[in-house]
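Here's the structure we're looking at; comments come further down.
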Amino acid sequence: GRLSRAPFIASCGLLYLGLAAPLMLTAPASAPPALAGALVCLMYAGWLTAAAGDAWKSVVKARKGEDALVTGGPFRHLRHPNFSGEMLLWGASAAAGAATAATNFGRSVLAACGWLSLSALGWAGISFVLAQAATSLEKRQAQKYAGTPGFTEWRRGAWPGITLPQKQWLAVGGSAG
């Protein structure tokens, strides 16, 4: 029943708390350091990469059909721009929180340790979720598109992003990269 979903819901809540934790470090800072500013720019670059990938995929699939393999636009260089963009966004967010804590909390950095720990947990959790999703999509694409024109060449030329350790399924769809 509903109670059996409680552990999953609680773990999702903890993940989201960890993803929001860097804000608790950056928000009270009077002036975030230049490094944090650069990391925020990387966060936006990650967001833009993910959004561009989603938009490009939507346009291509609307034109060519849901089963079309998307290899152009941001997919030319990144096999999974959404996952790669999100990893950049969340990694830069955690790093910005850590950089701000290190420079603005001074001797009271211990006070920020809880938020730093939650930030690290959030980053590790979302990185695992995104790597697992990319790995699963790699497997499905290898099974679905193996032997179609341009698939192997595209896989050789586009970075898969961060994935979990490779398994035997790669033999079905070609090389890992």
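The values are calculated or read from the model by the stated rules, or taken from the named source; none is laboratory data. Keep in mind the model is a prediction, meaning the values are calculated, not measured. Positions of Cβ are backbone-derived with ideal geometry, glycine not excepted, and every protein chain shown enters the neighbour counts. Each accessible area value is taken on the protein alone, full model and side chains, heavy atoms only, with ligands, DNA and RNA left out. Shrake-Rupley method; radii C 1.70, N 1.55, O 1.52, S 1.80 Å.
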Matching residues in the stretch 132-150 - criterion: being under 30 Å from L25 (Cβ atoms), in contact (Cβ under 8 Å) with a residue 40 or more places away in the chain and open to solvent by 20 Å² or more (accessible area, probe 1.4 Å): A133
Residues satisfying the stated conditions in the stretch 85-108, i.e. surrounded by fewer than 17 Cβ atoms within 10 Å (Cβ to Cβ) and of a type in the set (S, T, N, Q): T103, S108
Does P81 satisfy the condition of being out of contact with any Cys (no Cβ under 7 Å at 6 or more places or on another chain) and at pLDDT below 95? no
Taking the stretch 1-27, which residues are within 15 Å of T100 (Cα to Cα) and open to solvent by 90 Å² or more (accessible area, probe 1.4 Å)? L23, M24
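Each row is one residue, and each column tells you yes or no for (1) open to solvent by 40 Å² or more (accessible area, probe 1.4 Å); (2) among the aliphatic types (A, V, I, L, M).
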{"residue": "M43", "(1), (2)": "yes, yes"}
{"residue": "V60", "(1), (2)": "no, yes"}
{"residue": "G65", "(1), (2)": "no, no"}
{"residue": "T71", "(1), (2)": "yes, no"}
{"residue": "F83", "(1), (2)": "yes, no"}
Output for Cβ contacts, cut-off 9 Å, separation at least six or different chains, first residue open to solvent by 50 Å² or more (accessible area, probe 1.4 Å) in the stretch 109-131, second outside any helix (DSSP H, G or I) and aliphatic (A, V, I, L, M), reads F128/L164
Restricting attention to the stretch 38-62, the residues that are free of Cβ contacts under 8 Å to residues at least 12 places away in the same chain, closer than 20 Å to W159 by Cα and among the charged types (D, E, K, R) number exactly 0
Where a residue in the stretch 64-75 is more than 17 Å from L137 (Cα to Cα) and its partner, wherever it lies, is part of a helix (DSSP H, G or I) and basic (K, R), with Cβ under 9 Å and at least six apart: G73/K57
Against the definition (surrounded by fewer than 17 Cβ atoms within 10 Å (Cβ to Cβ) and touching a helix residue (DSSP H, G or I) at 6+ places or on another chain (Cβ under 6 Å)), how does I162 come out, yes or no? yes
Regarding the stretch 121-128, can at least one residue be identified that is among the β-branched types (V, I, T) and modelled with pLDDT under 95? no
